[in-house]
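Report on the structure given below.
The values are calculated or read from the model by the stated rules, or taken from the named source; none is laboratory data. Model, not experiment: these values are computed from the prediction. Glycine gets a Cβ as well: all are built from the backbone with ideal geometry, and neighbour counts include every protein chain shown.
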Amino acid sequence: MRGNMINERMHGLGSQPNPIRVQYAYGLQRKAEIGEENVFDMSIGNPSIPAPVAVRERIEQLLRDEPPEVLHGYTMAAGLMSARQAVADNLCERFGIQATAANVYLTAGATAALYITTAAITHPGDEVIVNAPYFTEYKVMIESAGCTCVEVPMRPDDFQLDIDALDGAINPKTAAVVINSPNNPVGCIYTQQNIEELAALLTRKEEEYDHPIYLISDEPYREITYGREVPFTANFYRDTIVCYSWAKSLSLPGERIGYIYVSDNIPNAADVSAAVGGAGRALGFICAPVLFQRVIETCIGEPTNVDAYAENRALLTSMLDEIGFEYIQPDGAFYLWVKALEDSSQAFCDAARSHDLLLVSSDCFGAPGWARASYCVSAECIKNSRKAWEALKADYA
């Protein structure tokens, strides 16, 4: 007779949740204890700018004009064809790719998109490569599919993809490579040359091993940039699957709306899209939030206002320059990759926490010796955090 009727792996994940959300939860508790103005929570990537006015107007229009049983009812598993067509049209217009609605699957955010995609294109025992530093949940999603997560460090001087290291890591068991540009947690953007080199490598490896190696391009920060262009990966590599979310671009993280785009250039794109649909069904990720499917129909082209993030980036980096911290200048997203003042990044973040400055240890991103500071907070939070940063620096004097 089985003594323990729960899944031990799931128990472990529940007992040790995402470190980012652990810090965020602590921040909420601490704010209740000492006041919000006294806690400098730079742990979570929660957009601090409001959604575009067009989003609110569209929601109000839908609630006013649409029958509730339609607006709040089910759609097809992959989503409304009108919303999927809007995504395909937007991709065609922006990137010149021949995207079709049949290869678009609407999801409950980018996380669902990544889980579905990984399950759709891998078999238990396969390997999936991630480029470190990487978003902490990649490892969970890969292992949940019964695969091995293979970490390949990015180039330490500029945090571009290390093509030589990837060449050495790819083998017959490699099913996919995951990239994220603009990158969470570093904020780097992979150059077109870097993407072209990756595409050439993957094409060569596909020919050598005689099976597809998919490129999973995680792009929720595509619109958050500061003057650098973000190459659209599907234009450079045939076997690309794009995972996207409007959480950051439209400031809608809690609404859980995103998509998977299976490149029409994939020779068996229809089969891959069918596998995506099957994985969505198996995992329970069907019929993304309908209200926001309808919002996307008309708001997909709304521009992203990054001015506040750019100002916060300048505010934080100039302050840390004056205090004496090292960091990587971000070209996109809204995170600052700060060099820890000791070997243990966790100990460094614990020291910061003692001053109510909440950072995230780089250990959970697969890279030692750094900390991530999210600057999608209010400008006042950044200004008021100066005393905490100075006290943290003094701890190591």
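Points worth noting:
- Residue within the stretch 123-142 that is free of Cβ contacts under 8 Å to residues at least 12 places away in the same chain and over 17 Å from the mean Cα position of the chain (by Cα) present: no
- Being out of contact with any helix residue (DSSP H, G or I) (no Cβ under 7 Å at 6 or more places or on another chain), among the hydroxyl-bearing types (S, T, Y), surrounded by 22 or more Cβ atoms within 10 Å (Cβ to Cβ) and not assigned by TED's automatic domain parsing to the domain that holds E219 holds for only one residue in S385, S362, S318, S354, and it is S385.
- When restricted to residues that are under 16 Å from E390 (Cβ atoms) and surrounded by fewer than 20 Cβ atoms within 10 Å (Cβ to Cβ), the stretch 323-340 contains 4.
- Cβ-Cβ distances below 6 Å connect the following pairs, each with a first residue in the stretch 13-41 that is under 17 Å from C376 (Cβ atoms), a second residue that is part of a helix (DSSP H, G or I) and not charged (D, E, K, R), and a separation of six or more residues or different chains: V39/G27; F40/C381; F40/A388; D41/G27.
- Considering the stretch 178-213, the residues that are of a type in the set (G, A, S) and more than 30 Å from C376 (Cβ to Cβ) include one that is surrounded by the most Cβ atoms within 10 Å (Cβ to Cβ), namely A199.
- Among residues of the stretch 108-123, those that are among the hydroxyl-bearing types (S, T, Y) and not in a helix (DSSP H, G or I), counted: 1
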